[in-house]
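The structure under discussion appears below in the form of structure tokens.
Read-outs throughout are calculated quantities, based only on the coordinates presented, and are distinct from any laboratory measurement. The model shown is predicted, which means the values in this text are computed figures rather than measured ones. Here the Cβ positions follow ideal geometry from the backbone for every residue, glycine too, while neighbour counts run over all protein chains shown.
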Ligand code: KIV
Ligand code: ZN
């Protein structure tokens with residue numbers, strides 16, 4: 001068993017997280033997330049699945065060019081084409097890893113791969129050997145490991161290490177295992193695989209039973225030294241192990257679990273908000289660590305205890321995850337200089353061009369809203385960044401509504417591929433009228449599946465953050481928009497989702513892409 005107590009954090013928000021239905025990210029969004037992950041101290045960033053689409057390839061390549069500290073990784077199945085594509089996409093990376101996988105459970109081998117175990121074993125050896133031609137840093141994963149026959153898993157892990165894998169990953173692909181069983185599985189590998197000390201054992205847990213974090217921690221206690229996870233637990237079905245939860249559990253319960261990670265936990269809140277804005281997946285209010293209520297104390301008895309000593313009801317400080325007391329930050333007289341200084345203080349680093357839109361919107365907001373808080377600035381800046389390269393842009397909106405009009409009417413201007421176009425539409429309510437006007441100007445056949453509004457801060461002048469989910473030909477996308485005007489935020493969210501649909505149409509997923 002490993003005596004080293006450093007646990008490597010492997011972030012797969014941009015690969016497994018992106019496989020979540022509707023959670024698409026474009027190249028620039030991935031660059032932005034990658035820079036944040038690197039700043040947080042993430043050890044390995046899985047930037048995508050290079051062969052999945054040209055968009056994924058471009059994103060892995062682009063992330064490889066900007067990230068210098070973290071290792072950049074691409075996923076690849078066991079075939080030659082996958083590995084070549086991964087190697088090519090990673091060619092500019094200062095530190096690169098190819099992560100190759102094949103399913104090892106009887107069910108997956110028989111039904112999905114239609115391969116005999118011995119052929120799978122040979123594919124393990126061939127894929128790792130091939131990947132080693134591109135980099136010394138090769139990770140091999142046994143897809144559906146937790147439902148794999150132990151003898152066969154041991155043979156595959158041993159073969160992967162002998163072929164040159166430096167990391168062997170034991171995924172709970174379908175979120176099926178439970179903590180003591182997973183602990184025993186990892187221990188079993190340490191006891192039975194003769195060359196296990198030549199590799200780092202990694203874990204990758206899905207959250208179908210809500211056990212992804214507990215299972216990952218159990219595996220660390222059994223000797224695993226790499227945890228694969230995503231920001232906000234994003235991922236297919238019920239998601240992956242949430243990075244913020246596993247990292248804060250290790251930090252908060254050092255007494256019980258004496259392991260360390262390299263994560264600057266103070267950047268957790270920022271990363272969570274960024275990923276939520278980019279993907280359009282809102283964070284549930286009671287989500288551990290990053291939910292809006294995670295540090296809120298409502299009950300009188302709790303508030304009383306908190307006033308006497310925060311330790312009564314807080315096991316970690318809000319500051320340790322980057323939450324600050326709601327600061328009254330700036331007003332309408334604050335200039336560009338002060339705005340930039342505020343952004344820097346909050347950890348944002350933009351060039352001149354990138355802050356222009358955000359500054360303009362800050363000014364508009366300060367005109368409408370008396371008090372502008374840190375949360376307002378975060379919502380506004382993330383919103384501006386998300387929109388930077390959109391083909392459809394919001395220009396203006398005027399809505400006539402209320403009880404005295406028979407039909408609500410929206411007049412809207414959009415800039416589409418550089419040309420400003422306008423439309424007027426009615427609807428059953430102001431939001432419906434606004435969305436109908438957008439539909440008039442765009443030729444998509446999308447259906448609105450979800451429409452949600454939440455207030456960024458308290459007060460009736462709070463900014464609204466709107467989330468929509470659109471579906472088109474079986475593909476879903478999420479969109480988010482923030483503004484002091486709920487209807488403008490709604491229009492921005494719908495437009496954000498439409499832009500993602502445009503990108504989605506260009507993407508084609510390869511067959512048998514799983515987990
Ligand atoms: O869940 C899984 O098995 C995966 C592998 C590709 C590592 O995501
Ligand atoms: Zn997975």
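Measure nothing fancy, just the Cα-based angle from helix 374-387's long axis to the longest principal axis of the chain, in degrees from 0 to 90, nearest 10.
Relative to the chain, helix 374-387 is tipped by roughly 80 degrees.
Order these peptides, 373-382, 85-94, by their mean beta-carbon neighbour count within 10 angstrom, highest first. Intermediate results must be reported in sequence, preceding the final value.
Details: 373-382: 22.9, 85-94: 19.9.
Listed from highest to lowest mean packing, they are 373-382, 85-94.
How many percent of Cα pairs in the stretch 395-465 exceed 13 Å? Don't skip to the answer; put the middle values down first.
Working: 1733 of 2485 pairs.
Counting every Cα pair in the stretch 395-465, those more than 13 Å apart make up 70 percent.
Thinking of the stretch 4-49 as a set of Cα atoms, what percent of all their pairs are more than 16 Å apart? Write down the numbers at each step before the final one.
Values: 380 of 1035 pairs.
Tail of the P(r) past 16 Å holds 37 percent of the pairs.
May I ask for log10 I(q)/I(0) of the stretch 72-127 at q = 0.15 Å⁻¹, from a Debye sum over the Cα atoms as equal point scatterers with solvent left out?
-0.47
Using the scaling law 2.2 N^0.38 Å as the reference, what is the normalised Cα Rg of the stretch 390-514?
1.11
Stokes-Einstein D for the stretch 18-113 at 37 °C, 0.692 mPa s, Kirkwood Rh over Cα pairs, in µm²/s? Can you show the working numbers first?
On the way: Rh = 13.7 Å.
Estimated diffusion coefficient is 239 µm²/s.
Below 8 Å between Cα atoms, with a sequence gap of 6+, how large is the relative contact order for the stretch 390-514 in percent? Mind showing how you got there, number by number?
Working: 259 pairs, mean separation 21.8, N = 125.
This gives 17 percent for the stretch 390-514.
What Rg and what Dmax come out for the chain when only alpha-carbon atoms are used, in angstroms?
Answer for the chain, Rg first and Dmax second: 24.1, 79 Å.
So what is the relative contact order for the chain, in percent, with contacts set as C-alpha pairs under 8 Å and at least six apart? Kindly include the intermediate steps, with their values, before the conclusion.
Values: 1072 pairs, mean separation 62.1, N = 515.
12 percent.
Quick check on the stretch 8-279: of the DSSP beta bridges with both residues there, what percent are antiparallel, nearest 5%?
Bridges in the stretch 8-279 are about 5 percent antiparallel.
When N is the residue count of the stretch 190-294, what does its C-alpha Rg come to as a fraction of 2.2 N^0.38 Å?
Normalised Rg, Cα atoms only: 1.14.
With the contact rule set at Cα under 8 Å and sequence spacing of 6 or more, what percent relative contact order holds for the stretch 101-256?
It comes to 18 percent, rounded to a whole number.
Within the stretch 242-270, list the residues whose amide N lies under 14 Å from a label point set 7 Å along Cα→Cβ of residue 315.
245-257
Could you state the angle between the C-alpha long axis of helix 486-506 and the longest principal axis of the C-alpha atoms of the chain, as a value from 0 to 90 degrees rounded to the nearest 10?
Orientation of helix 486-506: about 40 degrees from the principal axis.
For the chain, what does the helix formula give at 222 nm: sum of -39500 (n - 2.57) over DSSP H segments with n ≥ 4, over the residue count, nearest 500 deg cm²/dmol?
Details: 15 runs with 195 residues, N = 515.
Roughly -12000 deg cm²/dmol at 222 nm, from the helical runs in the chain.
Going by average Cβ density within 10 Å per residue, which order do the peptides 201-212, 24-35 take, highest to lowest? Show your work: numbers first, answer last.
On the way: 201-212: 23.5, 24-35: 21.8.
Highest to lowest by the protection proxy: 201-212, 24-35.
Restricting to the chain, compute how many DSSP beta bridges are antiparallel as a %, nearest 5.
Close to 50 percent.
For a protection proxy built on the mean count of beta-carbon atoms within 10 angstrom, sort 466-477, 9-20, 66-77 highest first, please.
Details: 466-477: 19.8, 9-20: 26.4, 66-77: 23.1.
The most tightly packed comes first, giving 9-20, 66-77, 466-477.
Kindly express, to the nearest 10 degrees and within the range 0 to 90, the angle between helix 212-221's C-alpha long axis and the longest C-alpha principal axis of the chain.
It works out to around 40 degrees.
Based on a Kirkwood Rh over C-alpha pairs, give the Stokes-Einstein translational diffusion coefficient of the stretch 8-279 at 37 °C and viscosity 0.692 mPa s in µm²/s. If you can, show how the numbers build up before the last one.
On the way: Rh = 18.2 Å.
This corresponds to a translational diffusion coefficient of 181 µm²/s.
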